[in-house]
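Step one of this worksheet: look at the structure below.
The values are calculated or read from the model by the stated rules, or taken from the named source; none is laboratory data. Because the structure is predicted, anything quoted here is derived from the model rather than measured. Cβ: placed from backbone, ideal geometry, glycine included. Neighbour counts: every protein chain shown. The area values use the complete protein model at the heavy-atom level, side chains included, leaving out ligands, DNA and RNA. Shrake-Rupley method; radii C 1.70, N 1.55, O 1.52, S 1.80 Å.
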Amino acid sequence: MAASGARDEPGASGPPAEPGEPPRRGRHETPDEGADRRWSELLQEVRVTQTGVQILFGFLLTVVFTPRFATLGHTDRVIYVVTVVLGAATTGALVGPVSFHRIVSGRRLKPQTVAWAARLTMTGVVLLLATVTSALLLILRIALHSAAVPYVVAGVVAWLVLCWFGLPGWALRRYGHRE
């Protein structure tokens with residue numbers, strides 16, 4: 001149950017409405033309470049994505065120091081550099097909300113902080129998709145030496161786009177306009 005007393009389920013009825021008014025639905029929270037709740041939710045989401053990005057980026061940073069790196073062709077080196085740059089950009093976007101919050105904390109900007117942090121997080125997710133795509137392309141090119149690699153990468157990217165963007169978009173269209 002939320003601090004305001006309203007139930008957390010979508011469309012849950014809150015306190016009774018005034019006589020003659022339709023029943024109220026959803027959460028009944030102040031803008032600050034809503035921003036605090038959204039901030040907590042966003043922070044949990046960022047924690048999940050940051051862990052994966054840190055592992056991937058850490059792995060990418062060590063590859064250049066392996067003996068096999070010297071044997072890579074020009075194209076594979078370019079893909080590697082692009083992947084590392086994308087990994088750094090992803091890390092920046094996903095750490096951005098923490099920095100943003102820390103800099104503006106205590107200045108009564110929580111709703112704006114949450115909005116900008118959400119934008120940075122979504123940017124980080126898009127950059128993560130690009131980073132994973134690039135890393136997968138590099139790894140499969142080296143491992144398989146096959147003309148099928150672009151098709152395998154495209155299939156995985158299609159799956160990630162479906163999971164990360166398609167299903168949430170479908171849910172918004174399907175359930176987002178209910179009273």
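Explain nothing, just compute: Karplus ³J(HN,Hα) = 6.51 cos²θ - 1.76 cosθ + 1.60, θ = phi - 60°, for every residue of the range 89-99 in order, whole Hz, x for Gly and Pro.
So the J values, rounded to whole Hz, are 5, 4, 4, x, 5, 7, 8, x, x, 5, 4.
Name the long-range amide H neighbours of residue 28: under 5 Å, sequence gap of 5 or more, or other chain; modelled H, no Pro or chain starts.
6
Could you provide, to the nearest whole Å², the per residue accessible area of the range 30-83 with probe 1.4 Å? Let's see the in-between values first.
Numbers: 3480 Å² over 54 residues.
Normalised by residue count, the accessible surface of the range 30-83 is 64 Å².
Each residue of the range 49-56 in turn: what ³J(HN,Hα) in whole Hz from Karplus with 6.51, -1.76, 1.60 and θ = phi - 60°, glycine and Pro shown as x?
Running phi through 6.51 cos²θ - 1.76 cosθ + 1.60 with θ = phi - 60° gives 6, 4, 4, x, 5, 4, 5, 4 Hz.
Which ³J(HN,Hα) values in Hz, rounded to whole numbers, follow from the phi angles of the range 125-139 under the Karplus curve 6.51 cos²θ - 1.76 cosθ + 1.60, where θ = phi - 60° and Gly and Pro get x?
5, 5, 5, 4, 4, 5, 5, 4, 4, 5, 5, 5, 4, 4, 5
Quickly work out the residue 104-to-residue 162 label distance, labels modelled 7 Å from Cα along the C-beta direction, and quote it in nm with one decimal.
3.7
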